Amino acid sequence: MKKVVLITGSTRGIGKSIAKHLSRSDYCVVVNGTNQMLIDEVVADIHAIGGKAAGYCANIADASEVSALVAFTIETFGQIDVLIHNAGNLADQKCIKMTDEQWQSVIDVHLNGAFYCIRRVLPYLMNGGDIILMTSTAGLMGSAGQVNYSAAKAGLLGMLYTLASELKPYSIRVNAITPAALTDMTRPVIEHLTEKYAKRNEPFPEFWKVGSSDDIAIFIDELLHYDDDCLTGEIFGVNGTKITRWEKPKATISADGPEAFFRIYEAQKGSD
């Protein structure tokens, strides 16, 4: 029996690549987005290559629309085996200029949307399954001009660690991907940086030499097929064929009292 994967934000970029790739890997795919025409196009593409897919237009920042999306998935395919939370948006601005609306819109889609989706699919995963969260190096290290995006992606890591522990007894794996790929969201940044470094006659940073959306899809397919219930709570960086495992934060200094702490801090500061 085919497994069923629900992919939020799967009408373009990384989400679209994942949807098409998993449809070739014997998954029934539920395509989600906020533009019905784009949803229909992805579903048609999957049908054209012999895959099974259905689409549902829903804004995952709206809890009631997420409920309808999950209900549609069950009505259409009778089960959910995998949730991939890929939907995202940007409203970049330095903190001092960021509006409340810019802050809220990004938190709503990335973080609240993740909770709404996870909470509603969990009853259908209690015999085992996978949840994959799309995070970012912005959530791991911060990103100037993206305090809303960085906070949302860091919030997903808190969810990752908690849910991996909560859901392990039910054989539900929860993992995260930090993707680096040329997409509609990253293209403006990469084009800007390409121009900037060219004007400076400086080499383009290795960090921004990114792979394709298909590379992300290939890794996710391999991850879903990796048969190990203990593979949970992990963060995987994917840039082209280069895969990186990020460690959970850990304590680096522990001392008895402020004086001892700052003495060690000063001694270590230069070696970081």
Could you state the principal axis extents of the C-alpha atoms in the stretch 61-179, from the largest down, to the nearest angstrom?
-> 47, 27, 21
Least to most buried among GLU65, GLU166, by other C-beta atoms within 10 Å and fewest first, runs GLU166, GLU65
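Helix-only mean residue ellipticity at 222 nm, the chain, DSSP H runs n ≥ 4 weighted -39,500 (n - 2.57), per residue, nearest 500. What is it? Don't skip to the answer; put the middle values down first.
Working: 10 runs with 122 residues, N = 272.
The helix-only estimate for the chain comes to -14000 deg cm²/dmol at 222 nm.
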Any chance you could give the angle, 0 to 90 degrees and rounded to 10, that helix 63-77 forms with the longest Cα principal axis of the chain?
-> 50 degrees
Beyond 24 Å between alpha-carbons counts as too far, so tell me which of LYS2/LYS153; LYS97/LYS153; LYS16/LYS153 fall in that bin.
-> LYS2/LYS153
Among LEU160, TRP246, ASN32, pick out the residue whose Cα is farthest towards the positive end of the charge dipole of the chain, where Lys and Arg carry +1 and Asp and Glu carry -1 on C-beta, about the Cα centre.
-> TRP246
Could you run the Karplus curve 6.51 cos²θ - 1.76 cosθ + 1.60 with θ = phi - 60° over the stretch 168-178 and give me ³J(HN,Hα) per residue in whole Hz, x for Gly and Pro?
-> 4, x, 9, 6, 9, 8, 10, 9, 10, 10, 9
Please state, as a whole number in µm²/s, the translational diffusion coefficient that the Stokes-Einstein equation yields for the stretch 44-90 at 4 °C and 1.567 mPa s, with Rh defined as the Kirkwood radius across alpha carbon pairs.
-> 106 µm²/s
Helix 13-24 sits off the longest principal axis of the Cα atoms of the chain, rounded to the nearest 10 on a 0 to 90 degree scale, by 50 degrees
Amide H neighbours of GLU234 at under 5 Å, excluding residues fewer than 5 places away on the same chain, with H built from the backbone geometry, are ALA176
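Coordinate-derived values only; no laboratory data. All figures in this text were calculated on a predicted structure; none of them were measured in a lab. Glycine gets a Cβ as well: all are built from the backbone with ideal geometry, and neighbour counts include every protein chain shown.
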